[in-house]
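Q: If you scroll down you'll find the structure; I have some questions about it.
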Amino acid sequence: LLYRVGQGMFGAPIVPVSQAIVLRTFTGDKRAAAQAFFGMAVVAGMGLAPVVGGLVAEHYNWRAVFLMLIPVCAAALVMTLLFIREGGRNDSARLDWTGFLTLSLAIACLQLLLDRGENLGWFDSGEILLYCAGLALGLYLFIVQTATAEQPFLNRELLRNRNYVIGLFLVCFYGMLNFTPITLLPPLLQNLQGYPDSLVGWLLAMRGLGMIVGFYVASRLGRVDPRYSMATGFLMIAMSGFALATIESNSRADWIAWAGLLQGIGSGILWVPVTTAAFWSLPERLLPDGAAIFHLLRNLGQSVYIAASFMVVVRTTQVSSADLAPHINAFNERLGFPWVTGLWNLDTPGAIKALSSEMSRQSQLIGFNNAFVFYSWTCIAVIPIVLLWRKQPAEN
């Protein structure tokens, strides 16, 4: 647990700082193309990691996957020292520890609330009520601190920029939608479909390939209204979710690969206009703060939605299992058909166990299917927010 905290603590600043460097380096029409290539670089690693990790875990062990991080981090450190020059340092800036700690309290309580709520019976549990109180207290203190502090953790100037605020909402949903399939598909494919680790890695890599294609397409859409690009991206992601919601026992791997490719293309097309629209009218001095909050909301949306998706899986699996169980009895004439008897003959204990196992498997499949339906309708529900974005950057 301590090492996981350290991994998140030291890894979290890398992407926002890198994006702030890109935003400061490129301006005007070049910024969209720069964001596209930046996204390609980020996704290239995300696309290769599942493939390489799956192969290494299958042929060696899971520890070797973590050891792979050492040479990668060493190479990144050397390149940083060689190519990145110090600049834009603000010695007068101070970290608002009160705002930081109160926001951390609220986020931690929200995450624990979603992760443990299903197992503890939600509001029947005193622990869940404690998390709710911590969430409310943390949010209240953070809002008060943001409104009254001289240098708050959340710069108040950022909230006066309409496009940036809309961008925060959109990137929060982007975080929800972009990483959820990566989390849902491995247990679905490994535990229920019986796919090996290497094949799961290749199927997840199709999403990374699609994102590279989407980033390239988005870099060529500079003259297109960003609202159209955003809506197209959300619709493509929704289509991929509906496709994944049809997975059943005999689904082919190429169907899953196609859905992942479509989801990746939609995510790539969506990312560039969201980031470009959010930062277009921000002054240069606010770019580091803006990038930090931007990616904080992305990661928060990702964590919350993944927890909510697994909650849908668990709850609907339980409901489906309860609905299927009454049909498994000696009075069900369907179980007496010639093609059913044998493996599922209720006269033998082994057959009853096999039938119970298959019922559990089908219930879990229904749970995952419902999670992907929930995923798709979330995409569609976000599209009206895109229309609130101003086509021409507002004066700050």
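What follows draws every value from the coordinates through simple rules; no lab data is involved. A quick note: this is a predicted structure, and the numbers were derived from the prediction, not measured. As a convention, Cβ positions derive from the backbone with ideal geometry for all residues, glycine included, and neighbour counts pool all protein chains shown.
Q: Take the Cα radius of gyration of segment 88-191 and divide it by 2.2 N^0.38 Å, with N its residue count; two decimals is plenty. Before the final figure, lay out each step's value.
A: Working: Rg = 17.8 Å, N = 104, 2.2 N^0.38 = 12.8 Å.
Against the empirical 2.2 N^0.38 Å value, I get 1.38 for segment 88-191.
Q: Quick one: what are the phi-derived ³J(HN,Hα) couplings along segment 309-317, Karplus 6.51/-1.76/1.60 with θ = phi - 60°, whole Hz, x for glycine and proline?
A: Values per residue, Gly and Pro as x: 5, 5, 5, 4, 4, 5, 5, 6, 5 Hz.
Q: Let me have the relative contact order for the chain, percent, based on Cα pairs under 8 Å that are six or more residues apart. Let's see the in-between values first.
A: Values: 498 pairs, mean separation 98.0, N = 396.
Reported relative contact order: 25 percent.
Q: How long is segment 163-240 along each principal axis, judged by its Cα atoms, biggest number first, in Å?
A: Cα extents, longest axis first: 45, 25, 18 Å.
Q: Suppose a student asked you for the relative contact order of segment 109-184, using Cα pairs under 8 Å spaced at least 6 residues apart; what percent would you report?
A: Value for segment 109-184: 17 percent.
Q: Report, to one decimal in Å, the Kirkwood hydrodynamic radius for the chain based on all distinct Cα pairs. Intermediate values should be presented prior to the final figure.
A: Working: mean 1/r = 0.0427 Å⁻¹.
Kirkwood hydrodynamic radius for the chain: 23.4 Å.
Q: Is it possible to state the helix-based mean residue ellipticity at 222 nm for the chain, with each DSSP H run of 4+ residues giving -39500 (n - 2.57), the sum divided by total residues, to the nearest 500 deg cm²/dmol? What is it?
A: Rounded to the nearest 500, the figure is -25500 deg cm²/dmol.
Q: Rounded to two decimal places and with Rh computed the Kirkwood way over Cα pairs, what is Rg over Rh for segment 187-304? Numbers along the way, then the final one.
A: On the way: Rg = 16.9 Å, Rh = 15.9 Å.
Expressed as Rg/Rh, it is 1.06.
Q: While we're here: Ranked from highest to lowest mean number of other Cβ atoms within 10 Å per residue, what is the order of the peptides 57-66, 4-13, 295-304? Walk me through the numbers on the way to the answer.
A: Values: 57-66: 12.4, 4-13: 10.5, 295-304: 19.9.
The packing order, highest mean first, is 295-304, 57-66, 4-13.
Q: Also, I was wondering about something else. Give me the dipole magnitude in Debye, nearest 20, for the chain about the Cα centre, with unit charges on the beta carbon: positive for Lys and Arg, negative for Asp and Glu.
A: Numbers: 25 positive and 22 negative charges, 218 e Å.
With only Lys, Arg, Asp and Glu charged at Cβ, the dipole is about 1040 debye.
Q: All other residues with a Cβ under 11 Å from the Cβ of ALA308 taken together, and with Lys, Arg as +1 and Asp, Glu as -1, what is their net charge? Please report the intermediate quantities before stating the final value.
A: Numbers: positive: ARG315; negative: ASP115, GLU118.
Charge balance in the 11 Å sphere: -1.
Q: When a footprinting reagent is the concern and you count Cβ atoms within 10 Å, what order do PHE37, PHE372 take, fewest first? Could you put the intermediate results ahead of the total?
A: Values: PHE37 15, PHE372 26.
So the ranking, lowest neighbour count to highest, is PHE37, PHE372.
Q: Please compute the modelled spin-label separation between PHE37 and ASN61, points set 7 Å along Cα→Cβ, answer in nm with one decimal.
A: If labels sit at ASN61 and PHE37, their model points lie 4.3 nm apart.
Q: Something else now. Checking a compactness column here: for segment 96-152, what do you get for Rg(Cα) / (2.2 N^0.38 Å), N being the number of residues?
A: 1.26
Q: Could you work out how far the C-alpha centroid of segment 91-127 sits from that of segment 1-28, in angstrom?
A: Each part's Cα centre sits 21 Å from the other's.
Q: Here is a follow-up. Take LEU159, LEU209, LEU2 and order them by how many other Cβ atoms sit within 10 Å, fewest up front.
A: On the way: LEU159 13, LEU209 18, LEU2 6.
Least to most surrounded, the residues fall as LEU2, LEU159, LEU209.
Q: What number, in percent, do you get for the relative contact order of segment 96-152 if the mean sequence gap of Cα pairs under 8 Å and at least 6 apart is divided by its residue count? The partial results should precede the final answer.
A: Values: 48 pairs, mean separation 28.4, N = 57.
Reported relative contact order: 50 percent.
Q: Sticking with this one: Work out the FRET efficiency for ALA136 and GLN190 from their Cβ-Cβ distance, taking R0 = 30 Å, and round it to the nearest 0.05. It would help to have the intermediate numbers written out before the result.
A: Working: r = 39 Å, r/R0 = 1.29.
E between ALA136 and GLN190, to the nearest 0.05, is 0.20.
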